[in-house]
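The values are calculated or read from the model by the stated rules, or taken from the named source; none is laboratory data. As the structure is a computational prediction, the values presented were derived from the model and not from experiment. FYI the Cβ positions are ideal-geometry reconstructions off the backbone, even for glycines, and counts take in every protein chain you see.
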Amino acid sequence: MTMVGLREGDVFQNMVNYGMFTGGLGFHYGAEKIGLTVIPSATGNTRRQIEMIQDFGVTAIHCTPSYAMHLAEVAEEMHADLPSLTTGLFGAEPWSDAMRGELEQKLGVTAFDSYGLSELFGPGVAFECPERHGLHIWHDCYFVEIINPDTGEVLGDGERGELVVTPLAKEAMPLLRYRTGDITMKLEDGCLCGRAQKISRITGRSDDMLVIRGINVFPSQIEHVLLRIPEVGNQFMVYVDRINHLDEMTIEVEINRSYFSGELQDLARIQKKVVKELRDTLELRTTVRLVEPGTLPRFEGKAKRVIDRRDQK
């Protein structure tokens, strides 16, 4: 945060989850350490978030880029000006340069990319400097490699592959060559800011993990939840869409034939139960659609249960 110009006297609104998600408390304590006034607004209630920005004269915000887009839309609906904002820190999910331009235009901020993993410390593993050409990953804290995700071969600077990190200062849970699953590449040293060791912005994943509103979700987690609910079968499909710039996950699941009565009240009860079980495990709100037994696709080879439509026009 100091690197991008935040200083004592800035007012920082932290609009991410304050639960087990490390981005909340990590950024909160980091901001306090450099003397920022911290508004711990957490997630949700977008109109109230906008009112806080106006009331407290917030100069910097932190949230996912998709939520920032939603914030901008709601501010436009409210005819709310946010003249105090100057800096936006956005991370927890991949986002494009086109989205950066749109966020800067709509919110009047300079937008910086943030990268972190709970396994490595949380937020701030790598961060953009004012040059905004790649993210600096702290060379005194991490030894970084890029590998071919299929062969494990170590790649050179400028070759895109999977980020592998060995933390050098971690004590409670030391890690050796931790495979992050994130696709990036090492950039040559020589940044105008004088700092070393840069990686390019994250472009995707090497595994089947989904990032939904900053929360990591594996299809196997969904399957595990559904298998312990007797009222539903073991066939399901996951659809991920971006609606009003927010990620939305819809899960279609077949009802177990033994419980399929067709009665609306029974369907409503089962649906409510599935939604609750998924929310308790994933810490994420999902839409659940119950379908008749035998209606979802069957797969002879590897099942393709996830259809991510966020990049489709």
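Points to keep in mind about this one:
- Which listed residue, of 70, 28, is modelled with pLDDT of 95 or more and not basic (Lys, Arg): 28
- Of residues in the stretch 95-154 being hydroxyl-bearing (Ser, Thr, Tyr) and under 16 Å from the mean Cα position of the chain (by Cα), the one farthest from residue 84 (Cα to Cα): 118
- Subset of the stretch 232-268 that is in a helix (DSSP H, G or I) and surrounded by 13 or more Cβ atoms within 10 Å (Cβ to Cβ) - its residue that is modelled with the highest pLDDT: 267
- Looking only at the stretch 121-158, residues that are modelled with pLDDT of 95 or more and among the acidic types (Asp, Glu) come to 4 in all.
- Counted residues, the stretch 170-192 - those being more than 25 Å from the chain's Cα centre (by Cα) and either under 15 Å from residue 139 (Cα atoms) or surrounded by 12 or more Cβ atoms within 10 Å (Cβ to Cβ) (or both): 4
- Scanning the stretch 281-298 for residues that are under 16 Å from residue 231 (Cβ atoms) and without any contact (Cβ under 8 Å) to a residue 40 or more places away in the chain yields 288, 289, 291, 292.
- Condition check for residue 124: crowded, with 20+ Cβ neighbours inside 10 Å and outside the structural domain of residue 138 (by TED's automatic domain parsing): yes
- For the stretch 52-67, filtering for residues that are surrounded by 15 or more Cβ atoms within 10 Å (Cβ to Cβ) and either modelled with pLDDT under 95 or on the phi > 0 side of the Ramachandran plot (or both) leaves 5.
- Any hit, the stretch 241-248, residues being under 17 Å from residue 296 (Cβ atoms) and either over 18 Å from the mean Cα position of the chain (by Cα) or in contact (Cβ under 8 Å) with a residue 60 or more places away in the chain (or both): no
- Failed item in (1) modelled with pLDDT of 95 or more; (2) within 22 Å of the chain's Cα centre (by Cα), with residue 19 passing the rest: (1)
- All positions within the stretch 71-90 that are crowded, with 18+ Cβ neighbours inside 10 Å and assigned to a helix (DSSP H, G or I): 71, 72, 75
Table: residues versus (1) touching a residue at least 40 places away in the same chain (Cβ under 8 Å); (2) farther than 29 Å from residue 132 by Cβ.
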position	(1), (2)
162	yes, no
181	no, no
187	yes, no
199	yes, no
219	yes, yes
228	yes, yes
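- The single condition from (1) in contact with a strand residue (DSSP E or B) (Cβ under 6 Å, 6 or more places away or on another chain); (2) among the charged types (D, E, K, R); (3) within 18 Å of residue 63 (Cβ to Cβ); (4) not in a strand (DSSP E or B) that residue 157 fails is (3).
- Only a single item in (1) in contact with a Leu (Cβ under 9 Å, 6 or more places away or on another chain); (2) part of a strand (DSSP E or B); (3) under 30 Å from residue 70 (Cα atoms) is not met by residue 166, and it is number (3).
- Subset of the stretch 4-51 [outside any loop (DSSP other than H, G, I, E, B) and surrounded by fewer than 16 Cβ atoms within 10 Å (Cβ to Cβ)]: 8, 29, 32, 33, 47, 48, 51
- When 260, 236 are screened for being touching a residue at least 60 places away in the same chain (Cβ under 8 Å), among the aromatic types (Phe, Trp, Tyr) and farther than 24 Å from residue 16 by Cβ, only 236 passes.
- Check on residue 93, surrounded by 18 or more Cβ atoms within 10 Å (Cβ to Cβ), among the charged types (D, E, K, R) and modelled with pLDDT of 95 or more: no
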